[in-house]
């Protein structure tokens, strides 16, 4: 049996760590003898006590049983999934390095070796989750044949459409009335998420739809950015000078970590997931929401194009803007299109639901994704 050693961090509520753990759970009984080497997160203030990944006890037992490699142990494949991206030589036949590019650039992403030398190594393969993310690695100089697009996934037993009773209980806990329409967004409040556009849309739509509500689940424990910081930035932005920010007083914010079961309940309690992003390597939360039958609204032209279907919701008309000074490419969602998409979901029930959930469960489950990773590994070792 061939051997695979995954090098990454665990037990942190960050996308790299979460993806690592989901993949480990599905690689345990795969084609490779599996090992895992813990790598410290790239920020020293991130620790499991404050930023746990939300996995249950049985899942963590499975992950923690994966053996740790001995020093200088040789493997057929080493798979690194941490930031910054370590492209140094390994003692394996094949080296996989996972990475994402939100804005079409990977400047200052790499450590361990010169980028020019790494790009010349055919034994090094870049694993990235979307064709949008792939652009940054192509621009860095990696050959197209050495970049493998393997999407993220969801766990069907973790993210699914729950029954009406559980939905009602969660909404009651959140103080959401049965006739209110709840918009939701989950993740860091960094600029690339487009949270300012979502808040502006909410302010403008609230007078027309008095039963409209908004919930923001942030990651302030990781990045220290709270909703008030985003709102303050908007007050200094000419685009939003005429907005009545008092309309945001009823926005629900959740900053504490939630385990996966509670995240599933939160998705199911909502009526639409809204993500007017400017750049994402993949954007997993909308896919998780869609797996729960929640209609989604995402920017057109970016990473979510790889998994979007008309069954799932609507796409915001957007344009691509190349910023020459920074070498970046951004998706700029049209504000009027964002408003249109939200209003359409408020007045329609044809998106999402069981059909959307089945679509995601069938095509983007973690077992299917890790099987693809296994297949790519096996082919490259032949």
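Under 20 Å from the 7 Å Cα→Cβ point of residue 221, by amide nitrogen: which residues of the range 1-34?
Zone members listed by number: 9-22.
Figure the gain on full extension for residue 33 and residue 115 (residue separation times 0.36 nm, minus the Cα-Cα span) and round it to one decimal in nm.
Length difference between fully extended and current span is 26.5 nm.
Test of understanding: extend the Cα→C-beta vector of residue 89 to 7 Å, then name every residue of the range 109-144 with backbone N under 17 Å from that spot.
Flagged as within label range: 111-125.
Rounded to the nearest 500, what is the 222 nm mean residue ellipticity of the chain from helices alone, with -39500 (n - 2.57) per DSSP H run of 4+ residues and division by all residues?
That calculation yields -9500 deg cm²/dmol at 222 nm.
Using alpha carbons only, how many degrees (0 to 90, rounded to 10) separate the axis of helix 335-346 from the longest principal axis of the chain?
Taking the Cα atoms of the chain, the angle to 335-346 is about 80 degrees.
Please give, to one decimal in nm, the separation of the simple spin-label points placed at residue 336 and residue 108, each 7 Å out from Cα toward the Cβ.
My value for the distance between the label points is 3.8 nm.
Rounded, prolate or oblate: which one fits the range 221-323, using the alpha carbon gyration tensor with axes a ≥ b ≥ c (rounded when a/c is under 1.5, else prolate when a/b beats b/c, else oblate)?
Oblate shape, in that a/c is at least 1.5 and b/c is the bigger or equal ratio.
Set the Förster distance to 51 Å, then compute FRET efficiency between residue 122 and residue 325 from the Cβ-Cβ distance, nearest 0.05.
0.95
For the range 1-71 and the range 154-194, what is the separation of their C-alpha centers, rounded to whole Å?
27 Å
Under 20 Å from a point placed 7 Å out from the Cα of residue 249 along the Cα-to-Cβ direction: which residues of the range 209-225 have their backbone N that close?
Counting only backbone N, you get 209-216.
Report the label-to-label distance for residue 210 and residue 169 in nanometres (one decimal), using points 7 Å from each Cα along the Cα→Cβ vector.
3.2 nm
Just to verify a number: FRET efficiency for residue 371 and residue 1, C-beta to C-beta distance, R0 = 22 Å, to 0.05?
0.85
In whole angstrom, how far apart do the alpha carbon centroids of the range 308-344 and the range 359-382 sit?
The distance from the Cα centre of the range 308-344 to that of the range 359-382 comes to 29 Å.
Quick check on the range 125-273: take the gyration tensor over C-alpha atoms, sort the square-rooted eigenvalues as a ≥ b ≥ c, and tell me if it's rounded (a/c under 1.5), prolate or oblate.
Oblate shape, in that a/c is at least 1.5 and b/c is the bigger or equal ratio.
Residue separation times 0.36 nm, minus the C-alpha to C-alpha distance between residue 144 and residue 61: what's the value?
26.1 nm
Computed from these coordinates, which is semi-axes √(5λ) of the Cα gyration tensor in Å: [x] 36, 24, 19; [y] 29, 27, 26; [z] 36, 27, 17?
So the calculated entry is the one marked [x].
May I ask what percent, to the nearest 5, of DSSP beta bridges between residues of the chain are antiparallel?
That works out to approximately 10 percent antiparallel.
Please compute the Cα-Cα pair-distance distribution of the range 325-378 with 10 Å bins starting at 0, giving whole percents from short to long.
Percent of Cα pairs in each bin: 17, 22, 28, 26, 7.
Among rounded, prolate and oblate, which fits the range 164-363 when a ≥ b ≥ c are the square roots of the eigenvalues of its C-alpha gyration tensor, a/c under 1.5 means rounded, and a/b larger than b/c means prolate?
Rounded, since a/c falls under 1.5.
Just so you know, all these numbers are worked out from the coordinates, no wet-lab data involved. Just so it is clear, the structure is predicted and the values come from calculations on it, not from any experiment. Backbone-built Cβ (ideal geometry, glycine too); neighbour counts: all protein chains shown.
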